[in-house]
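The values are calculated or read from the model by the stated rules, or taken from the named source; none is laboratory data. None of these values were measured; they are calculated from a predicted model. Using ideal geometry, Cβ is built from the backbone for each residue, glycine included, and neighbour counts are taken over all protein chains shown. With ligands, DNA and RNA removed, areas are computed over all heavy atoms of the protein, side chains included. Shrake-Rupley method; radii C 1.70, N 1.55, O 1.52, S 1.80 Å.
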Amino acid sequence: MKRVLFVCLGNICRSPTAHGVFQHVVDCGGLGAQVGVDSAGTAAYHVGNSPDPRSVSAAKSRGYDLSALRARQAIEADFQQFDYILAMDHSNLENLKDLCPESYEGHLGLFLDFAPNISESEVPDPYYGGSDGFGHVLDLVEEAAEGLLADIRRELN
Ligand code: 4NP
């Protein structure tokens, strides 16, 4: 079993998108019983909330259902549960490093490290921008999701 946690700032735009897309890719790849997926935010602003309607709608247009997801904050105990903790941007990663116990042996890093063909290192925050930003988040997330699945397949084999 491998467990993956996607982390952004609010857990209402980028990390729920990664959560929904990666769950879909895992299920389609027949690994639903071997890979656990979750998401969280470094901030508590939106705890308990549904994903941003703009994220839900952009994801739905590509066949992903984010509607059941609810925001939560990342906590230190997550480092005992998750083999991969993947940040959407450098700021999220720095906040996670502050929370990370020295004994953590999993993979803490940037999600886009799993998309070597993409020149960007961060999934940009779409919250204050236009609707194009949500489609761009999906483009990046879909590419990195495939790379992450390939990495996990190697780990499981
Ligand atoms: P996310 O986007 O980190 O991708 O969920 C944001 C959501 C909310 C806020 C910022 C970013 N906010 O400031 O409320």
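Annotations for the structure displayed:
- Inter-residue pairs, beta-carbon under 8 Å, first more than 14 Å from Leu86 (Cβ to Cβ) and in the stretch 17-42, second within 14 Å of the ligand (Cβ to nearest atom) and open to solvent by 30 Å² or more (accessible area, probe 1.4 Å), 6+ apart: Gly20/Leu69
- Of all residues in the stretch 49-70, those that are within 16 Å of Val123 (Cα to Cα) have Cβ atoms under 9 Å from Cβ atoms of residues that are of a type in the set (Lys, Arg) and within 13 Å of the ligand (Cβ to nearest atom), 6 or more apart or on another chain, in Ser55/Arg14.
- Some residue of the stretch 114-136 being within 13 Å of the ligand (Cβ to nearest atom), touching a Phe, Trp or Tyr at 6+ places or on another chain (Cβ under 6 Å) and not in a helix (DSSP H, G or I): yes
- Yes/no for Val21 being within 18 Å of Ala115 (Cβ to Cβ), aliphatic (A, V, I, L, M) and within 15 Å of the ligand (Cβ to nearest atom): yes
- Residue identified as in contact with a Phe, Trp or Tyr (Cβ under 7 Å, 6 or more places away or on another chain) and among the hydrophobic types (A, V, I, L, M, F, W, C) among Cys28, Cys8, Cys13: Cys13
- Here Ser50 meets each of (1) within 21 Å of Ile152 (Cβ to Cβ); (2) within 12 Å of the ligand (Cβ to nearest atom) with one exception, condition (1).
- Residue match in the stretch 85-97 (condition: in contact with a Pro (Cβ under 8 Å, 6 or more places away or on another chain) and within 20 Å of Tyr127 (Cα to Cα)): yes
- Just one residue in the set Asp139, Asp151 is open to solvent by 50 Å² or more (accessible area, probe 1.4 Å), more than 14 Å from the ligand (Cβ to nearest atom) and not in a loop (DSSP other than H, G, I, E, B); that residue is Asp139.
- Per-region count, the stretch 59-71, residues within 12 Å of the ligand (Cβ to nearest atom) and more than 25 Å from Asp151 (Cβ to Cβ): 1
- Filtering the stretch 1-15 to residues that are in a loop (DSSP other than H, G, I, E, B) and open to solvent by 20 Å² or more (accessible area, probe 1.4 Å) leaves Met1, Leu9.
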